[in-house]
Amino acid sequence: MMKKVAMVAAAAAMVLPLGLGAIAPVNTGVTTAYAATKKAAKKTTLTLLSSKTLKKTAYHAKRQAALNKALFAADKATVTISKKGVLTPKTTVYATKKIVVKTRATKTAKAKTLTCVYVKSANGKVKGWIALDQLTKGKAVAAKKTTKKANAKKATAKKTNAKKTTKKATTKQAVTKKTAKKDTVAATAAAKVAKKTTKKTTKKATKTYQLVSAKKLKKTAYHYTTKRPAYFTGKFAADRSVVTLSKKGVLPAKKTVYATKAITVKQGKKTVKYLYVTTKKAKGFVLASTLTAGKF
């Protein structure tokens with residue numbers, strides 16, 4: 001047991017700077033564990049289970065989150081935390097280290113395992129430890145940019161509505177003056193119906209699924225001999241496990257394709273696999289069941 005404690009403490013000493021950073025409680029339950037007494041709320045000592053270095057990854061907080069500093073013991077696997085500030089939703093930070101700790105059981109709360117990451121802003125002014133589940137992967141969106149986009153959409157909508165109103169008034173006047181323009185009105189109506197039909201078809205061709213898994217593959221040859229399979233573009237969400245597949249077209253007839261990636265998605269109650277394939281003229285995700293391994 002003492003040997004295991006020494007190994008975890010040594011790993012923490014190599015990965016983490018002594019006396020830097022902070023951890024924050026994940027939720028109300030963990031906060032209660034940290035704040036069992038007024039004194040414990042200022043400094044809390046937790047058991048250190050593991051620690052490691054991460055590839056630099058951007059995160060932001062959806063809500064204001066506590067940012068803390070941490071002091072790692074040199075002779076045992078423990079870490080003492082204390083609050084140093086807050087992380088605001090507008091700030092983008094970058095995670096470079098991760099630890100897993102265990103809170104101590106109290107009369108009102110059970111012991112819990114908590115994952116925390118050491119984050120730092122681009123200018124270095126914001127840095128510390130924070131609970132991983134208080135963060136969302138990806139950069140924060142600036143409020144000003146969001147406002148500009150919203151204003152631009154409103155302005156475009158107003159212009160579009162004004163144009164539609166003008167067109168309707170002009171059409172009514174033309175119909176009352178000249179009977180010959182009825183054909184033009186009918187043609188315009190038909191065009192609108194065709195446009196709506198196209199939009200409906202496009203919506204059906206684009207669907208969002210729950211992402212079960214995703215992985216890279218060793219470049220592998222596949223072919224198809226009957227119906228040309230459809231291929232889709234894939235758009236992956238930054239803050240949740242979903243992927244949107246949009247139909248782009250069908251693969252060329254009787255060609256060998258090469259798969260380099262694979263994803264598994266949830267379609268209704270079924271789990272379905274897609275392969276990311278490439279040819280000289282097309283590339284995208286194809287339903288794996290429509291392909292056969294090997295060259296054509």
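How much accessible area per residue does region 215-254 have, in Å², with a 1.4 Å probe?
Using a 1.4 Å probe on heavy atoms only, each residue of region 215-254 averages 70 Å².
Remark: region 109-116, residue by residue, has Karplus-estimated 3J(HN,Hα) of 8, 7, 5, 10, 8, 10, 9, 10 Hz, where x stands for each Gly or Pro and the curve is 6.51 cos²θ - 1.76 cosθ + 1.60 at θ = phi - 60°.
Sequentially through region 278-291, phi angles give Karplus couplings (6.51, -1.76, 1.60; θ = phi - 60°) of 9, 9, 5, 10, 8, 7, x, 8, 10, 4, 4, 5, 8, 10 Hz, Gly and Pro residues having no value and appearing as x.
What FRET efficiency would be calculated for the residue pair Lys218, Thr160, taking the C-beta separation as r and a Förster radius of 51 Å, to the nearest 0.05? Intermediate results must be reported in sequence, preceding the final value.
Numbers: r = 50 Å, r/R0 = 0.98.
So, using R0 = 51 Å, E works out to roughly 0.55.
If the segment from Lys266 to Ala253 were pulled out straight at 0.36 nm per residue, it would be longer than the present Cα-Cα gap by 1.8 nm. Here each label is just a point 7 Å from Cα along the line to Cβ, and for Ala293 and Leu71 those points are 5.8 nm apart.
The values are calculated or read from the model by the stated rules, or taken from the named source; none is laboratory data. Bear in mind the structure is a predicted one, so any value in this text is a computation, not a measurement. A quick note on method: Cβ atoms are made from the backbone with ideal geometry, for glycine too, and the neighbour counts reach across all protein chains shown. Side chains are part of the model used for accessible areas, which takes the heavy atoms of the whole protein and leaves out ligands, DNA and RNA. Shrake-Rupley method; radii C 1.70, N 1.55, O 1.52, S 1.80 Å.
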